[in-house]
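The values are calculated or read from the model by the stated rules, or taken from the named source; none is laboratory data. Keep in mind that what you see is a predicted model, and the values were worked out from it rather than measured. All Cβ positions, even for glycine, are placed from backbone atoms using ideal geometry, and neighbour counts span all protein chains on display. Remember, those area values only see protein heavy atoms, side chains included, never the ligands or the DNA or RNA. Shrake-Rupley method; radii C 1.70, N 1.55, O 1.52, S 1.80 Å.
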Amino acid sequence: MSVDRLLFPRPETPRVSVERTPVEATCPSCGSTDIKRYPVANYLGPRMVVKCQDCFTHLSVTRPEPEDNWPAWRSPTRDWAPSRLG
């Protein structure tokens, strides 16, 4: 992990956004080819989604890989197996 993932400078723009990377796919719901992959944060924690930009259908939701740099900081225990209680 590099130090730049631990520093959070004040944003220089009034709006913060993420890059949405185009994916070659077709939406199963509406037939659109405007499909993009990008990071999200939800109740499951940080995830990478592939989503139709026209109808917002999720094509996939996966855990981010290290090269995704999402989230900006990762817990050192992220990949540990949960311990049993009692």
Query raised in the report: How many Å² of accessible area per residue for the chain, probe 1.4 Å?
Result: 82 Å²
Report summary line: Carbon and sulfur atoms account, in whole percent of the 1.4 Å probe accessible area of the chain, for 55 percent
Report summary line: Computed for the chain: size of charge dipole around the Cα centre, +1 on C-beta of each Lys and Arg, -1 on C-beta of each Asp and Glu, debye to nearest 20, value 360 debye
Query raised in the report: Arranged from highest to lowest average of other beta-carbon atoms within 10 Å per residue, in what order do the peptides 25-34, 76-85, 50-59 appear?
Result: 50-59, 25-34, 76-85
Query - Answer label for percent of Cα pairs over 17 Å apart (calculated), chosen among [x] 60; [y] 55; [z] 38 - result: [x]
Query raised in the report: In segment 37-86, if every C-alpha pair distance is counted and binned at 10 Å from zero, what percent goes to each bin?
Result: 22, 45, 23, 9, 1
Report summary line: Sorted by accessible surface (1.4 Å probe, heavy atoms of the protein chains only), largest first, Arg15, Arg47 come out as Arg15, Arg47
**Report entry** Sequence of Tyr38, Tyr43 from largest to smallest accessible area, 1.4 Å probe
**Finding:** Tyr43, Tyr38
